[in-house]
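Structure first, then comments.
The values are calculated or read from the model by the stated rules, or taken from the named source; none is laboratory data. This structure is a prediction, so every number in the text was calculated from the model and none was measured. Here the Cβ is made from the backbone with ideal geometry for all residues, glycine too, and neighbour counts use every protein chain on show.
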Amino acid sequence: MKNIEILRARAEEIEAEFRSIDSEAGERSLNDEEQVRWDELDAELKQVREDIAEGEAEAARAARVAESRAKWGSLQVGVSRQDPFENLEAVKRMSDDDPALIDRALSAVEKSEYRRLSYAVSDEARENATRMIERVPGVARMAMATGSPEYMSAFRSWVKALGAPVYSAEEAAAVRASLSLTSANGGYALPFLLDPTLIHTGAATKNPVRMIARVESGTQDTWHGVTVSNVTTAWKAEGSAFTDGSPTTGGVTIDAAMLTAYVTGSFEIFQDSNLLAQLPGLIGESIDYAESAAFISGSGSNAPKGVITAVSGTAGSLVTVTTRGSFTSASIADTIALVNALATRYEDSASWVLNKAIYRTIEQQMVGTGAVKAIEMTNGKELFDLPVYRSSTMVSATTSGNHIAVLGDFSQYIVYDRLGVNVEFIPNVVDGSGVPTGQRGLVAYKRVGGDVSDVDAFRLLKA
């Protein structure tokens, strides 16, 4: 993170240059060179302000963690609390929102070191975990249950022993504590700072919907939310009654469906490789690919309901191309029709999600009588002033009936993560005849759901 004072100084420089350009232009309109520079400064200032806000938030989090560390590293009623994992029996009696539990979890995330186990935890992982502890009920308890170096050591022993470890006394105590503090049945929970559902490191480039959707997290099987429409306003005459403008409310319920990842490897790989360090990345990547498809076209039955599945049944949300089964460089009218079909409420907050092949087609479309290509109206990240996200899950073929582009406000698509990933060993993988193949299997599973909270926030382009 850049130094906040440097960022603030740069913001002042940009504002001074704005004033200089405006003063020089006076009453006239900006010329082309001035307009280009003005736009560059405007984009840079927006990013600088976002970086300042992020830096201030991180500084505030660091201060809270420092305060927590000081508390648990000090003497309290004559008892040393340097180890946040000391006396985990006390955690069982704490509620999920108990400040003492949250303080202990924050201190644990900050202080836990796994380097002696050949696994380094990144600062990004710790920052993400800190945010989850502060925001999501139940996460602090998970951190205490599966976040200790002893639990990490026990997990490593479990991996090396192919599910049949001989634990040390410290490892056994950590495993018993994790079972008493969580409601998991079966399997072995990934250590807290390795769990991809908790730390979400990386850009998730294969899963664009997760990047722009509203992501909720919890420890329950079902997420319950509320939707609220606009407040209605009305003009009134003197002495007349007010018009009720109460918004319409509705409920949104999202079930967390089971998503599994199955990894196989030879006996030698499981014995000789540093699988522990690779495991979170392997699981995270497989989950990413599966989610990316489900969030687009998932059925909603034992799987998330994809945005296309949720929206395609609403006639008013579909824009059909002029010539069925054809979308070419001459189809600019269809692209503009999709943009114009957006509800006014969402036209400034919408994003495109489409296959790169369809995006390239739109780039070559001619806009207006001046024959300006759409590519000249975009910087590669926006199309008609709206952000573009490419998804390999979206179809590239313009076959009649295919949904080739989604345009909408993805804050109205809700992803619900039931926190925690569990893993289990399959000691022997067999072929179709039941003969062992000389491989072990590793099954990881998590729970995730997804659905649209307001269908009117989206429009689909149908070939």
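At a glance:
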quantity: Residue selected from segment 1-58 under the condition of a type in the set (S, T, N, Q) and under 26 Å from residue 129 (Cα atoms), by the criterion nearest to the chain's Cα centre (by Cα); calculated: 47
quantity: Test: residue 282 is assigned by TED's automatic domain parsing to the domain that holds residue 443, without any contact (Cβ under 8 Å) to a residue 24 or more places away in the chain and not β-branched (Val, Ile, Thr); calculated: yes
quantity: Residue selected from segment 315-348 under the condition out of contact with any strand residue (DSSP E or B) (no Cβ under 9 Å at 6 or more places or on another chain) and part of a loop (DSSP other than H, G, I, E, B), by the criterion surrounded by the most Cβ atoms within 10 Å (Cβ to Cβ); calculated: 331
quantity: Members of segment 4-25 found to be in contact (Cβ under 8 Å) with a residue 24 or more places away in the chain, under 17 Å from residue 57 (Cβ atoms) and out of contact with any Gly (no Cβ under 8 Å at 6 or more places or on another chain), listed by number; calculated: 8, 11
quantity: Residue match in segment 181-189 (condition: modelled with pLDDT under 80 and farther than 29 Å from residue 289 by Cβ); calculated: yes
quantity: Selection count, segment 223-250, where residues are of a type in the set (S, T, N, Q) and outside any loop (DSSP other than H, G, I, E, B); calculated: 2
quantity: Test: residue in segment 140-149 that is surrounded by 21 or more Cβ atoms within 10 Å (Cβ to Cβ), modelled with pLDDT of 80 or more, in the same structural domain as residue 290 (by TED's automatic domain parsing) and on the phi < 0 side of the Ramachandran plot; calculated: no
quantity: Cross-chain or 6+ apart pairs with Cβ under 9 Å, segment 422-440 first and outside the structural domain of residue 260 (by TED's automatic domain parsing), then surrounded by 10 or more Cβ atoms within 10 Å (Cβ to Cβ); calculated: none
quantity: Tally, over segment 387-406, of residues that are touching a Ser or Thr at 6+ places or on another chain (Cβ under 8 Å), surrounded by fewer than 17 Cβ atoms within 10 Å (Cβ to Cβ) and either among the hydrophobic types (A, V, I, L, M, F, W, C) or not assigned by TED's automatic domain parsing to the domain that holds residue 353 (or both); calculated: 0
quantity: Conditions (1) out of contact with any helix residue (DSSP H, G or I) (no Cβ under 8 Å at 6 or more places or on another chain); (2) of a type in the set (Phe, Trp, Tyr); (3) on the phi > 0 side of the Ramachandran plot: number failed by residue 384; calculated: (1)
quantity: Spans of strands (runs of 3 or more DSSP E) in segment 390-463 with at least 1 residues within 17 Å of the chain's Cα centre (by Cα), of a type in the set (Asp, Glu) and closer than 21 Å to residue 305 by Cα; calculated: 413-426, 439-452
